[in-house]
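First up is the structure itself, then whatever we jot down about it.
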Amino acid sequence: MLRVGIIGAGGMGRVHADCWSKIDDVKIQVICDIEVDKAESLAKVYNADVATSSGEVIKRTDVDIVDICTPTPFHADDIISSLKSGKHTICEKPITRTLESAREVVKTAREVDVKFMVAHVLRFFPEFATAKNLIESGTIGIPRMARMRRGGPYPAGKWNDWYAKVEMSGGCLVDTGIHDFDFLRWIFGDAERVYANALTWKNILYKDYGLATIRFKSRAMAQVEITWAHPSGTPLKAGFELIGTEGMLTYDNYSSTSLRVMREGEVNSFSMESPVAESPYLTEIRHFVSCIKENREPLITPEDAYRALEIALACIESARTNRPVSVGGEI
């Protein structure tokens, strides 16, 4: 039996708790939040203990896995403390808010004998996983170009309005764009340079928008459009075009035939289950549990998470300075 301590009882903490509850031989042992009413409400559902500080969870001897679902600025200290305490650790993206703290996390993860994964869940969405498999099988030839789109309403009304504080959230390019930056690295390999424009530094209350161009060492190029400017209540919209030397993959989450393969003279559609039989968040957590039980490395490495953050931070620096920013230095 693996026993889990969840740090953070907000939106993602609730999503993760539901997932953990559906996995055999796993027990939610304790749920932590500085807002004790949130912790108590969620703990009651899963018959778990309540804690009000991350340290309480990490030091418990009856916790094998620590699941960190807190705002980004709190990730680094809790990840490092959890890993050094011998706990398997999964953390919501992004890995941290700064590259300096991310390097400390990577260094710690390399030194300990426990599993660690940042929850870049896009790799577990059927459309994105299928696209990756199709590219690896050569369906569209050598991948050369991509256009990614993702957006919805501003995430207002959260704890301490932290999304509105760039120094905490990094704005839409860091918090939301990092999904697509990780996916693009998964497809194209390491990035080389970014150039971006964004509203992030314009101090427009509850609106953010970013447009980034990324060049990869493989000579591929990608454009990523991220928005937090849709009207309140608007569903998330996401999609991509992945173009290779012999064809193209397209995805639109509003389309019933969401994934299409286009080659010279032919179009094939993949109708993904909607809703999916299993939540990608549950698939992601099952994967992490299997890595613990089978002693294998998770799909997302600490270095992967670092590189995705590196691209995201380069984007907001480029938007701030109106200059291209190089990426890909030593970790």
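Each reported figure results from applying straightforward, stated rules to the coordinates on display, with no laboratory input. Every value quoted in this text rests on a predicted model; they were computed, and no experiment measured them. So basically every Cβ, Gly included, is an ideal-geometry build from the backbone, and we count neighbours across all protein chains shown.
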In whole angstrom, the spacing between the Cα centers of segment 1-66 and segment 290-331 equals 27
Given an 8 Å cut-off on Cα distances and at least 6 residues of separation, report the relative contact order of the chain as a percent. 18
Sum up the charges of everything whose Cβ sits under 14 Å from the Cβ of residue 219, counting Lys and Arg as +1 and Asp and Glu as -1, but leave residue 219 out. +2
Give me the distance in nm between label points sitting 7 Å out from Cα along the Cα-to-Cβ direction at residue 52 and residue 317, one decimal. 4.0
Dividing the convex hull volume of the alpha carbon atoms of segment 113-215 by its residue count, what do you get in Å³ per residue? 157
Once every DSSP H run of n ≥ 4 in the chain is given -39500 (n - 2.57) and the sum is divided by its residues, what mean residue ellipticity at 222 nm do you get, rounded to the nearest 500 deg cm²/dmol? -10500 deg cm²/dmol
Fewest first, what order do 78, 18 take by the number of other Cβ atoms within 10 Å? 18, 78
Hey, could you grab the Kirkwood Rh for the chain? Inverse mean 1/r over distinct alpha carbon pairs, Å, one decimal. 20.5
C-alpha long axis of helix 75-84 to longest principal axis of the chain, angle in °: 60
Computed from the mean reciprocal separation of all distinct C-alpha pairs, what Kirkwood hydrodynamic radius does segment 77-170 have, in Å? 16.5
Lys and Arg at +1, Asp and Glu at -1: neighbours of residue 241 with Cβ under 12 Å from its Cβ sum to +2
Need the full-extension length gain, residue 263 to residue 27, defined as separation in residues times 0.36 nm minus the C-alpha distance. One decimal, nm. 80.2 nm
Taking every DSSP beta bridge with both residues inside the chain, roughly what % is antiparallel (nearest 5)? 55
Could you tell me which residue out of 85, 7, 45 lies farthest along the dipole of segment 6-117 toward its positive end? Charges go on the beta carbon: Lys and Arg +1, Asp and Glu -1, centred on the Cα centre. 85
Exactly which chymotrypsin sites (Phe, Trp or Tyr not before Pro) in segment 231-331 are in a DSSP loop and have at most 11 other Cβ atoms within 10 Å? 254
Subtracting the Cα-Cα distance of residue 136 and residue 37 from 0.36 nm times their residue separation yields 30.9 nm
To make sure I understand the rule: partners must be aspartates and glutamates, Cα under 15 Å from the Cα of residue 207, and not fewer than 8 residues away in the same chain. Which ones qualify? 161, 175, 225
Report, in debye and to the nearest 20, how large the dipole of the chain comes out about its Cα centre when Lys and Arg carry +1 and Asp and Glu carry -1 on their Cβ. 640
Please work out whether segment 209-331 counts as rounded, prolate or oblate from its C-alpha gyration tensor, where a ≥ b ≥ c are the square roots of the eigenvalues and a/c under 1.5 means rounded, while otherwise a/b larger than b/c means prolate and anything else oblate? rounded
Can you tell which of 247, 265, 221 lies farthest toward the positive end of the dipole of segment 206-331, using +1 and -1 charges on the Cβ of basic and acidic side chains (Lys, Arg; Asp, Glu)? 221
